[in-house]
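The values are calculated or read from the model by the stated rules, or taken from the named source; none is laboratory data. This one's a predicted model, so the numbers in the text were calculated from it and none came from an experiment. With ideal geometry, Cβ positions are generated from the backbone for all residues, glycine too; neighbour counts draw on all protein chains shown.
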Amino acid sequence: MRENNRNNYVLIMAGGVGSRFWPKSRNHFPKQFIDFLGIGKSLLQLTYERFAKICPAENIYILSNQQYLGLIQEQLTGISADNILLEPSRNNTAPCIAYASYKILKSNPEANIVVAPSDHLILKETEFLDKISQALEYTAANDALVTLGISPTRPDTGYGYINFHKEAIDGVHKVECFLEKPVLEKAQEYVASGDYLWNAGIFIWRAQSIKQAFEKYVPEIHVLFEQGNDVYNTNAEAVFIADNYPKSPNISIDYAILEKANNVYTIPADIGWSDLGTWASLHEVAEKDDFNNSVTVSQKHLSNTNNCLVQVPKGKGVVIDGLENFIIVDDANVLLIYPKEKEQEIKQVSIQMSKDYGIDFQ
């Protein structure tokens, strides 16, 4: 039974740019703020609503960049300004997790924290919340750093993998090691063995446990944010963060701690997860017609067209003949028509467009 426990906290990471979803996702309006599913809610809004079932609203923090303050306040109506923690510089995930964790620990020594991306899709919400609750129960009683591992459905080379022990205590498995994105042959071996999970970047731990890990494995981050202990949750906090946060190293939580620590555990989870990292991953989960086409508008006429993703503004008609395996996105000042098999090039294309034609194309 899930409980809305006042010791439970959630950190929602919402500072990314999502450049692989260009031109829909732009520097000024990245993918976490977009209603990709056409249901009237952005990925951030869906994530926030999901975690509101785990803890009180005042215990949910949005970790983002100053640039997105207005968007966050617009989409999460009524959220307290105190619950939006803005990075003065982009220094990857370890520093912002440290800042939020040390701040929370100051007000609640028993804090139990979930760290999650704002831009992932969870199709099986009940199963997801059950797994999060299971993890919170485990970390509340143990000095453990827990990651939710996704049961792989295919030998995907775009994800990191978690090698875990088959033996479990209360459904929680010891992690042997994290592995970087593999080549296809290795990914096939991993999936066939049954000893590996996808690393979804969803973490659960007590604030005290992650603080001890920072102190042991990344002392420069620990020293930096420990210095703010007297100012957290006071009017002096903003000045301290503005002055000191940019001094922190640019490093992810995976490299900083999880690949080094010996108290890392995982809970395998079948939760209908997608990181929505590319247009093709969106196409996989989107509603499609009999010819595997996903089109965001109802005014359409498609002939001899298969396996395409079409995103255009509401009210615009779509007429296509003779396309197969294409991404078509019409957004603001850009029309993108690109083969799905080359979608990894889109990020670089967006960079080149902004270089050639200015920031309006970022």
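Here is the figure for region 291-325: residues that are closer than 14 Å to Phe21 by Cα and among the hydrophobic types (A, V, I, L, M, F, W, C) total 3. Taking the stated definitions as given, is Ala135 surrounded by 19 or more Cβ atoms within 10 Å (Cβ to Cβ) and not in a loop (DSSP other than H, G, I, E, B)? In short, yes. Does at least one position in region 171-185 carry a residue that is surrounded by 14 or more Cβ atoms within 10 Å (Cβ to Cβ) and in a helix (DSSP H, G or I)? No.
Where strands (runs of 3 or more DSSP E) fall wholly inside region 256-362, the ranges with 1 or more residues that are within 20 Å of His120 (Cα to Cα) and of a type in the set (Ser, Thr, Tyr) are 264-269.
Figure legend. Inter-residue proximity from region 339-362: first residues crowded, with 16+ Cβ neighbours inside 10 Å, second residues β-branched (Val, Ile, Thr), beta-carbon distance below 6 Å, spacing 6+ or different chains. Indicated pairs: Lys340/Ile327; Glu343/Thr278.
Selection over region 31-71 of residues that are over 29 Å from Ala332 (Cβ atoms) and among the aromatic types (Phe, Trp, Tyr) gives a count of 2.
A quick yes/no check of all residues on (1) among the aromatic types (Phe, Trp, Tyr); (2) in contact with a Pro (Cβ under 7 Å, 6 or more places away or on another chain); (3) more than 24 Å from His28 (Cα to Cα); (4) at pLDDT below 95:
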residue: Tyr61; (1), (2), (3), (4): yes, no, no, no
residue: Ile84; (1), (2), (3), (4): no, no, no, no
residue: Ala98; (1), (2), (3), (4): no, no, yes, no
residue: Ile113; (1), (2), (3), (4): no, no, yes, no
residue: Pro117; (1), (2), (3), (4): no, no, no, no
residue: Thr147; (1), (2), (3), (4): no, no, yes, no
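You will find that of Gln188, Gln212, the residue that is touching an Asp or Glu at 6+ places or on another chain (Cβ under 9 Å) and surrounded by 14 or more Cβ atoms within 10 Å (Cβ to Cβ) is Gln212 and no other. Is there a residue being surrounded by fewer than 14 Cβ atoms within 10 Å (Cβ to Cβ), of a type in the set (S, T, N, Q) and within 19 Å of Leu11 (Cα to Cα) anywhere in region 230-242? Within region 230-242, one or more residues are surrounded by fewer than 14 Cβ atoms within 10 Å (Cβ to Cβ), of a type in the set (S, T, N, Q) and within 19 Å of Leu11 (Cα to Cα).
In region 13-40, the residue that is nearest to Gln311 (Cα to Cα) out of those that are touching a residue at least 60 places away in the same chain (Cβ under 8 Å) and part of a helix (DSSP H, G or I) is Phe21.
In this structure, Lys174 does not satisfy being of a type in the set (Lys, Arg), assigned by TED's automatic domain parsing to the domain that holds Ile251 and closer than 24 Å to Tyr245 by Cα. Cβ-Cβ contacts under 7 Å between residues 6 or more apart (or on different chains), taken from a first residue in region 244-266 that is under 17 Å from Leu179 (Cα atoms) to a second residue that is among the charged types (D, E, K, R), are listed as Asn263/Asp143; Tyr265/Lys174.
Filtering Ser80, Ser101, Ser107 for residues that are buried (at least 21 other Cβ atoms within 10 Å of the Cβ), of a type in the set (Ser, Thr, Tyr) and over 15 Å from the mean Cα position of the chain (by Cα) leaves a single hit, Ser101.
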